[in-house]
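For reference, the structure is listed below as structure tokens.
The values are calculated or read from the model by the stated rules, or taken from the named source; none is laboratory data. As the structure is a computational prediction, the values presented were derived from the model and not from experiment. Backbone-built Cβ (ideal geometry, glycine too); neighbour counts: all protein chains shown. All accessible areas refer to the heavy atoms of the entire protein, side chains included, with ligands and DNA or RNA removed. Shrake-Rupley method; radii C 1.70, N 1.55, O 1.52, S 1.80 Å.
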Amino acid sequence: MAAYYTLHIAGLTRELKICPISEKLDIAAFILFSDVELTEACARELAKRVPECDYILTAESKGIPLAYEMSRQSGVKYILARKSAKLYMYNPIGIDVKSITTARLQTLYLDQHDLEYLHGKRVLVVDDVISTGESLNALEELVRKAGGTIAGRAAVLAEGDAAQRDDILFLAPLPIFTKE
């Protein structure tokens with residue numbers, strides 16, 4: 001198997017390193033951190049496709065560059081669900097999530113102020129890659145707890161079976177690599 005997967009997206013080409021996540025499964029590592037050109041291009045392309053919203057919501061940490069850039073380009077404020085409750089957070093609520101790229105169960109948190117922002121608002125949930133959809137589900141549950149509505153779901157890439165979903169907007173599919 002090749003050590004890299006060639007991705008063509010938003011008018012750019014990137015070589016993604018193939019990384020094992022189990023004895024039988026490898027994934028191509030897609031990382032927006034430090035790739036400003038790619039982040040800007042993907043945010044611009046996604047922004048053309050997403051529905052109107054009042055807020056953008058993402059999970060810490062790989063979705064941050066995308067949400068920030070979409071916010072910067074559109075003027076729509078973004079909110080970040082944190083992976084730990086911080087001392088400065090007021091009355092945080094958390095939702096458990098099991099991600100394909102993380103070995104253990106995590107919890108995503110929003111504080112009371114962010115929940116109040118989302119109340120009665122249309123929220124666009126974004127992430128870099130949607131695979132199993134577990135992070136997406138946790139973010140949606142936070143929006144529901146806040147009393148907001150989901151305006152849409154968007155990602156740069158839909159990995160594996162997620163590319164067959166018709167409820168998410170994405171720029172390109174990303175294969176998963178099974179080992180025999």
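The share of accessible area on the chain that comes from carbon and sulfur is 49 percent, using a 1.4 angstrom probe. Each Lys or Arg adds one and each Asp or Glu subtracts one; over the other residues with Cβ under 14 Å from the Cβ of L174, this totals -2. In the chain, one over the average inverse separation of all distinct C-alpha pairs is 16.7 Å, which is the Kirkwood hydrodynamic radius. Candidates A29, F177, L57 compared by Cα position along the dipole of the chain: farthest toward the positive end lies L57, with charges placed on Cβ. Only lysines eight or more places from K121 in sequence, or on another chain, were considered; those with a Cα closer than 19 Å are K77, K145. In straight-distance terms, cross-link reach from K48 covers every one of the aspartates and glutamates whose alpha-carbon lies under 19 Å from its own, apart from those fewer than eight places away in the same chain; here that gives E37, E40, E69, D127, D128, D166, D167. How charged is the neighbourhood of L142? Take every other residue with its Cβ under 14 Å from the Cβ of L142, and add Lys/Arg as +1 and Asp/Glu as -1. Net of charged neighbours comes to -3. Helix 134-146: angle to the longest alpha-carbon principal axis of the chain, degrees 0 to 90, nearest 10? The angle comes out at about 10 degrees. Legend: calculated FRET efficiency, E52 to D167, from the Cβ-Cβ distance at R0 = 22 Å, rounded to 0.05, equals 0.80.
Please determine, in degrees from 0 to 90 and to the nearest 10, the orientation of helix 64-74 with respect to the longest principal axis defined by the Cα atoms of the chain, where the helix direction is its Cα long axis. Between helix and principal axis, roughly 70 degrees. Between L118, L110, L16, the residue with the greatest mean-square fluctuation in the GNM of the chain (Cα pairs under 10 Å linked by springs) is L16. When nucleic acids and ligands are ignored and a 1.4 Å probe is applied, I56 ends up with an accessible area of around 10 Å². Classify the range 1-105 as rounded, prolate or oblate, taking a ≥ b ≥ c as the square roots of the eigenvalues of its Cα gyration tensor: rounded when a/c is under 1.5, otherwise prolate if a/b is larger than b/c and oblate if not. Verdict is oblate for the range 1-105.
With every protein chain in place and a 1.4 angstrom probe, the accessible-area ranking of V143, V36, largest first, reads V36, V143. For the chain, the longest principal axis of the C-alpha atoms and the axis of helix 36-49 are separated by about 70°.
Note on the chain: dipole from Cβ charges, positive end direction compared against A41, L7, P20; the farthest Cα belongs to A41.
Note on exposure: T149, T6 ranked by accessible area (1.4 Å probe, complete protein assembly) read T149, T6, with the most exposed listed first. For the chain, adding -39500 (n - 2.57) for each run of n ≥ 4 DSSP H residues and dividing by the number of residues yields -7500 deg cm²/dmol at 222 nm. How high is the relative contact order of the range 67-178, in percent, with contacts defined as C-alpha pairs under 8 Å that are six or more residues apart? It comes to 20 percent, rounded to a whole number.
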